[in-house]
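The structure appears below as structure tokens.
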Amino acid sequence: MTKNLVILGSTGSIGTQALDVCDNINIRVLGLAALENIDKLEIQARKYKPSIVAVMNADQGKELKVRLKDTGIKVVWGIEGIIELVTMPGADTVLTSVVGIAGLIPTIKAIEAGKNIALANKETLVTAGKLVMEAAKRNNIDILPVDSEHMAIFQCLAGNSVENVEKLILTASGGPFRGFSKEQLNNVTVEQALNHPNWSMGKKITIDSATMMNKGFEIIEARWLFDMDLSRIEVVIHPQSIIHSMVVYKDGSIIAQLGASDMRIPIQLSLTWPERFGNNFGRIDFTKIGSLTFEKPDLKVFKCLDFAIQAANTGGSMPVVLNAANEVAVSLFLNGKIRFKAIMDLIESVLNNHRLHIDPSLDDIIEMDRLAREETMKIYEREFC
């Protein structure tokens, strides 16, 4: 059970909901970090009175330091400040909910400092799953998933032997464009893509859900979190988002985890496991659900899911490049520079141009991420401008 928590990405969707959880079960907040929203971070700092707050941008960090001068709270900035935050004495758990590969280095540093990890940053395991899980084992720390799908599997595996598992089933809502054709995706607007039917999330992850890249990332995460061969991980479209994922055992038994579409539920469990605490979060009324339906994902239309599966099977540096190209492409789409379908086209071009590195080090991963971002922008400028 977490006693003293540091939150990376405290002003985002997961971070703010994690603070709701802390209020519910009286977890002490020792540190808070945000990318750039210092207005919200200041409000959080004054309420929770952490020992340290951090922001990535130096100028904003200096401004926040002035604002919080009367509080006695230490303000740090930049990657050095973030590392100081996640390795601070007294904290037992770091919840990583920053977006993108920006969460990788802080997560590894926190692991090396002996902090348990509540993991909401998909890209950490997508880009460096092998290195992260080896570090966790070496430092004897726990990585607890925050994603509803992986926390569902975690619960379904509890008390059972992994050797008895036939396969894992990750459920996916299908996003706002389930059933669309390739032609229909051409006309999708940013506003439509951000209108997820079931979940309230940050902009980047909402777009990833709409392209189904999010589910592809979850396959890679599950491979590392549960030490499961990729051939034993399956995705099923479940539009109602009531069953969050399932485990199929070799005797034919299936254990599923159900719950309301409320991220505070898996966040809380990631911080309290193996204990469970009451709350006033979402509940299911089975009399109002109606039916639960399931279907296969359309890999020809939602090519990002197929890209992720291929990258996962190829391994090495391919998931790093996949993630980098996706981050850039999604940003371009959100800023109105490309159409929705061009996200897939850009990623495909970058993947096709990549020369595979079989066993990248952490330094290799950082460098390949940089190069893949440059390549994505070159292709964009050449083909879309």
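The values are calculated or read from the model by the stated rules, or taken from the named source; none is laboratory data. Keep in mind that this is a model prediction, so the values were computed, not measured. Backbone-built Cβ (ideal geometry, glycine too); neighbour counts: all protein chains shown.
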* **Pairs with Cβ under 6 Å, 6+ apart, first in region 203-215 and closer than 17 Å to Ile237 by Cβ and free of Cβ contacts under 8 Å to residues at least 40 places away in the same chain, second of a type in the set (Gly, Ala, Ser) and not in a helix (DSSP H, G or I)** => Ser209/Gly175
* To do: Identify all residues within region 192-216 that are among the hydroxyl-bearing types (Ser, Thr, Tyr) and within 15 Å of Asp147 (Cβ to Cβ); write none if there are none.
  => Ser200, Thr206, Ser209
* Would you mind stating whether Met133 is more than 19 Å from Val6 (Cβ to Cβ) and assigned by TED's automatic domain parsing to the domain that holds Ile255? => no
* **Qualifying residue in region 52-59 (condition: under 24 Å from Trp273 (Cα atoms) and crowded, with 24+ Cβ neighbours inside 10 Å)** => no
* Structure fact -> Exactly one of Leu131, Leu95 is within 29 Å of Glu275 (Cβ to Cβ) and either of a type in the set (Ser, Thr, Tyr) or outside any loop (DSSP other than H, G, I, E, B) (or both), and that one is Leu95
* Could you list, in sequence order, all residues of region 238-253 that are touching a helix residue (DSSP H, G or I) at 6+ places or on another chain (Cβ under 9 Å) and more than 16 Å from Glu163 (Cβ to Cβ)? => Gln240, Ser241, Ile242, Ile243, His244, Ser245, Met246
* To do: Report, by residue number, each residue of region 186-226 that is among the acidic types (Asp, Glu) and either buried (at least 16 other Cβ atoms within 10 Å of the Cβ) or in contact with a helix residue (DSSP H, G or I) (Cβ under 9 Å, 6 or more places away or on another chain) (or both).
  => Asp208, Glu218, Glu221
* Among residues of region 289-316, those that are farther than 18 Å from Asn353 by Cβ and of a type in the set (D, E, K, R), counted -> 4
* Give me the pairs: first residue in region 155-168 and touching a residue at least 60 places away in the same chain (Cβ under 8 Å), second residue among the aromatic types (Phe, Trp, Tyr) and assigned to a strand (DSSP E or B), beta-carbon distance under 9 Å, and six or more apart or on different chains, which are they? -> Asn160/Tyr249; Asn164/Tyr249; Val165/Tyr249; Glu166/Tyr249
* Conditions: (1) at pLDDT below 95; (2) at positive phi. Asn57 meets all but one. Number of the miss? -> (2)
* Structure fact -> Expected output for region 241-263 (first residue in the same structural domain as Thr171 (by TED's automatic domain parsing) and farther than 23 Å from Val146 by Cβ, partner surrounded by fewer than 18 Cβ atoms within 10 Å (Cβ to Cβ) and β-branched (Val, Ile, Thr), Cβ below 6 Å, 6+ apart or cross-chain) is Val248/Ile254
* Structure fact -> For Ile265, the lone unmet condition from (1) assigned to a helix (DSSP H, G or I); (2) more than 30 Å from Leu346 (Cβ to Cβ); (3) in contact with a strand residue (DSSP E or B) (Cβ under 8 Å, 6 or more places away or on another chain) is (3)
* Asked: In region 72-91, which residues are touching a Leu at 6+ places or on another chain (Cβ under 8 Å) and over 29 Å from Arg373 (Cα atoms)?
  -> Val75, Met88, Gly90, Ala91
* Scan region 281-292 residue by residue and report those that are loosely packed, with under 10 Cβ neighbours inside 10 Å and either touching a helix residue (DSSP H, G or I) at 6+ places or on another chain (Cβ under 8 Å) or under 30 Å from Thr211 (Cβ atoms) (or both). => Gly290, Ser291
